[in-house]
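Engineer: Can you keep this structure in mind? I'll have questions shortly.
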2 protein chains.
Amino acid sequence: MNNYFSSDFTIGILGGGQLGKMLLYETRKYDIRTHVLDPNPQAPCKISCNKFTEGSLMDYDTVYNFGKQVDVLTFEIEAVNVEALEALEKEGKTVYPSAQTLRKIQNKGVQKEFYESNGIPTAQFKRYETKQLLTEAIVRKEHSFPFVWKSCEGGYDGKGVSVIRDDEDLIPLPEVSCIAEEMIPFKNELAVIVVRNPKGDVKTYPVVEMEFHPEANQVEYVICPARIEKTIADKARTVAKKVSESFEHVGILAVELFQTHNDEILVNEVAPRPHNSGHFSIEGSFTNQFEQHLRAILNLTLGSTKSKVGSVMVNLVGEEGYTGQVYYENIENIMSLNGVTPHIYGKRETRPFRKMGHVTIIDEDINEARRVAEKVKQKIKVISK
Amino acid sequence: MNNYFSSDFTIGILGGGQLGKMLLYETRKYDIRTHVLDPNPQAPCKISCNKFTEGSLMDYDTVYNFGKQVDVLTFEIEAVNVEALEALEKEGKTVYPSAQTLRKIQNKGVQKEFYESNGIPTAQFKRYETKQLLTEAIVRKEHSFPFVWKSCEGGYDGKGVSVIRDDEDLIPLPEVSCIAEEMIPFKNELAVIVVRNPKGDVKTYPVVEMEFHPEANQVEYVICPARIEKTIADKARTVAKKVSESFEHVGILAVELFQTHNDEILVNEVAPRPHNSGHFSIEGSFTNQFEQHLRAILNLTLGSTKSKVGSVMVNLVGEEGYTGQVYYENIENIMSLNGVTPHIYGKRETRPFRKMGHVTIIDEDINEARRVAEKVKQKIKVISK
């Protein structure tokens, strides 16, 4: 067994954003050395890691040379040079999640085909190598409107996804490979955080529910536990576990799911890393997703995924119409509400819709947490002055 | 209201040890800038703060010049130059806890007299300016053996405290001012973490209990909540609150108490900062003591002091007979037990009895947490190889 604690053993993290920053709380707690690579010299991870390297996550040489210096390599963002990870693995470097797993997830076409060939329930889809091929298929009436268009590569945080309702909607789509997916009229959008270590131990967290704004169609609250029947929750956890095992994933995997009107559970997509939908676990769970990720990639025993209390998570995103030095209006105000903890990611500059932080609201009674969350949502504004 | 979050507002922390390190998790969570002063260039706070200054905490100029650069000054250790704090306050700098409060606590003789004049229950004592005066009092039979000797200045972590049972025990005592205190045959040793902000809002955490090893007479477990009657717990919290208010303390105050055989509550001593007896709150409480300290010194609304679950804390101290590069034997082993979180402070070198970390064990059922804690205690060893 390696000696990870207060030793020279070093974890490399590709990406220095808020997920990396929250992972660093845990490496600090265990006094495990870290190196972080990020292109942004003002990355939230700049402090708290033992060494920070400024550089591109997509550049082969940069990632390869960074990886050579560490004992275990992980990432907090999928958009990294996977060829470099493969080369490092060939030389015996430990990379978790593995390059092979990441390859199956990075490209959404490959990801969807993987579900199909592994018997994992997912919405029907077709894959098109070019926009031209998609357009031809529509002309041939192989797709009826509406459908969901997803770029195969590079999409995240809602980018690279569009609902296509008619011919007009096709026009702005970029010339990239894509999938066209059946639009699922779901009852609930759910997510399950799964953790798996190299030994193959696997655990799931309680199901979380995304509650949408009734008009804006945007996720407003991530609620743990989801307010659904136990049979549905069990089914969702079983599917999520199967996804992690099929990918032979190591670390935290966030599995986003649809609960259809027939109570089917379909996999929407996955993120092979700690995820927004698992932030509730920092205050809510026996073991938070970042500590759990560390335990997994170091092949330690996984921690309990039980909840201590109910939790609701609200994202703090930049208000429309404000760009510049950030100001968190009414933050002192929401901190005076029961069970409220803001997490500020450490980005100096706000921009419309930029993820600037999140707020967790906990309570023994999930309905009370939900009520407080509404007040939080109404009060706090991420603006600039 | 100041803008603390993602701004240039800076907190200065005197002391860069494990308490400072755990405080930095919270400043990072809120993205509040920090400067840390510590004489040790390998201090656990060296990373995670925005600026680290190596220098003496007892040197007037060093502390004064450090304080000039920050917006609010606090400390994680009492042994700091209080004259420098006074000078900074005179110039309008915010220092919490205040120099005046620290003055009343730093010297144990002054502290005891403060309890007496404020009607706070405490063991009877006499104060002696020199060892000679103490010895003379004993010759005159003004003290019967046994009694507790405490150095007025500089004692912490059990240093500067001795039980004096006969004339022999007097010989090794240093030539310093001291108090001689009635020895209390207590039923329980308890502690209450109190938090108070400048507005005067004050909250107490549930009472914790120190469970001693039956033979070694050393604290083995800090248990929250204490396994005592509610009336006693309420009395302890009331006394602790009064102590904080009497000192006009701002921030976290740890109040150590004796529960006598007659169920009296006596104040033993206090620490005007986050404290070992409050570490349970990181996993166990709605608001941990470090976040609570920040909220207090920034004059924000205090967080809830309720517990999410029961918790037991075990200290990790260097084993006797080992000095050198630390090795945490069986740490992977204890991490496989339910609800166990080790905290490794980040000191490379172990020494006998050096505080190297702590372990928190949580469970809905405090008795189960206590059982797991025993296994933790038996397994983990802080050694060098």
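Engineer: Is there a residue in region B:361-370 that is open to solvent by 10 Å² or more (accessible area, probe 1.4 Å), basic (Lys, Arg), part of a helix (DSSP H, G or I) and over 17 Å from B:TYR205 (Cβ atoms)?
Structural biologist: Yes, there is a match, as at least one residue in region B:361-370 is open to solvent by 10 Å² or more (accessible area, probe 1.4 Å), basic (Lys, Arg), part of a helix (DSSP H, G or I) and over 17 Å from B:TYR205 (Cβ atoms).
Engineer: I've got another one for you. Within region A:22-70, which residues are crowded, with 23+ Cβ neighbours inside 10 Å, of a type in the set (D, E, K, R) and not in a helix (DSSP H, G or I)?
Structural biologist: Result: A:ASP31, A:ASP38.
Engineer: If I ask for residues that are outside any helix (DSSP H, G or I) and among the charged types (D, E, K, R), which ones from region B:272-300 would you list?
Structural biologist: Passing the criteria: only B:ARG273.
Engineer: Among what's in region A:310-324 and is more than 20 Å from B:ARG28 (Cα to Cα) and surrounded by fewer than 22 Cβ atoms within 10 Å (Cβ to Cβ), pick the residue that is nearest to the other protein chains (Cβ to nearest Cβ).
Structural biologist: Across region A:310-324, the extreme among qualifying residues is A:GLY324.
Engineer: Out of all the residues in region B:268-279, is one or more within 14 Å of chain A (Cβ to nearest Cβ) and touching a strand residue (DSSP E or B) at 6+ places or on another chain (Cβ under 7 Å)?
Structural biologist: yes
Engineer: Scan region B:325-341 residue by residue and report those that are more than 7 Å from chain A (Cβ to nearest Cβ) and either open to solvent by less than 10 Å² (accessible area, probe 1.4 Å) or modelled with pLDDT under 95 (or both).
Structural biologist: B:ILE334, B:VAL340, B:THR341
Engineer: Which of the following residues is surrounded by fewer than 22 Cβ atoms within 10 Å (Cβ to Cβ), within 24 Å of B:THR101 (Cα to Cα) and at the interface with chain A (Cβ under 9 Å from one of its Cβ atoms): B:THR301, B:THR305?
Structural biologist: Of B:THR301, B:THR305, the one residue that is surrounded by fewer than 22 Cβ atoms within 10 Å (Cβ to Cβ), within 24 Å of B:THR101 (Cα to Cα) and at the interface with chain A (Cβ under 9 Å from one of its Cβ atoms) is B:THR301.
Engineer: Which one of these is in a loop (DSSP other than H, G, I, E, B), β-branched (Val, Ile, Thr), closer than 23 Å to A:LYS150 by Cβ and open to solvent by less than 70 Å² (accessible area, probe 1.4 Å): A:VAL222, A:VAL176, A:VAL194?
Structural biologist: Within the list A:VAL222, A:VAL176, A:VAL194, the selection yields A:VAL176.
Engineer: Within region A:78-93, work out how many residues are in contact with a helix residue (DSSP H, G or I) (Cβ under 9 Å, 6 or more places away or on another chain) and either in the same structural domain as A:VAL239 (by TED's automatic domain parsing) or part of a loop (DSSP other than H, G, I, E, B) (or both).
Structural biologist: 6
Engineer: Then there's this: Give me a count of the residues in region B:1-21 that are outside any loop (DSSP other than H, G, I, E, B) and surrounded by fewer than 24 Cβ atoms within 10 Å (Cβ to Cβ).
Structural biologist: Number of matching residues: 1.
Engineer: Test A:PRO97 against the stated conditions and say whether it is closer than 30 Å to A:THR62 by Cβ, in contact (Cβ under 8 Å) with a residue 60 or more places away in the chain and not in a strand (DSSP E or B).
Structural biologist: yes
Table: residues versus (1) under 21 Å from the mean Cα position of the chain (by Cα); (2) closer than 28 Å to A:GLY357 by Cα; (3) in the same structural domain as A:ILE265 (by TED's automatic domain parsing); (4) at pLDDT below 90.
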position: A:ASP169; (1), (2), (3), (4): no, no, no, no
position: A:PRO174; (1), (2), (3), (4): no, no, no, no
position: A:TYR205; (1), (2), (3), (4): yes, yes, yes, no
position: A:PHE212; (1), (2), (3), (4): yes, yes, yes, yes
position: A:ALA216; (1), (2), (3), (4): no, yes, yes, yes
position: A:TYR221; (1), (2), (3), (4): yes, yes, yes, no
position: A:CYS224; (1), (2), (3), (4): yes, yes, yes, no
position: A:ILE228; (1), (2), (3), (4): no, yes, yes, no
position: A:ASP234; (1), (2), (3), (4): no, no, yes, no
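Engineer: Let me ask another. Would region B:152-171 turn up any residue that is loosely packed, with under 14 Cβ neighbours inside 10 Å, touching an Asp or Glu at 6+ places or on another chain (Cβ under 8 Å) and assigned to a loop (DSSP other than H, G, I, E, B)?
Structural biologist: yes
Engineer: In addition: Could you list, in sequence order, all residues of region B:263-296 that are open to solvent by 10 Å² or more (accessible area, probe 1.4 Å) and charged (D, E, K, R)?
Structural biologist: B:ASP263, B:GLU264, B:GLU269, B:ARG273, B:GLU283
Engineer: Show the residue pairs that are 6+ apart or on different chains and have beta-carbon atoms under 6 Å apart, the first residue being within region B:28-41 and facing chain A (nearest Cβ under 10 Å) and over 21 Å from A:HIS358 (Cβ atoms), the second being open to solvent by 30 Å² or more (accessible area, probe 1.4 Å) and not hydrophobic (A, V, I, L, M, F, W, C).
Structural biologist: Close Cβ pairs satisfying both conditions: B:THR34/B:ASN50.
The values are calculated or read from the model by the stated rules, or taken from the named source; none is laboratory data. Bear in mind the structure is a predicted one, so any value in this text is a computation, not a measurement. Cβ: placed from backbone, ideal geometry, glycine included. Neighbour counts: every protein chain shown. Accessible surface is based on the protein model in full, side chains and every heavy atom, while ligands, DNA and RNA are left aside. Shrake-Rupley method; radii C 1.70, N 1.55, O 1.52, S 1.80 Å.
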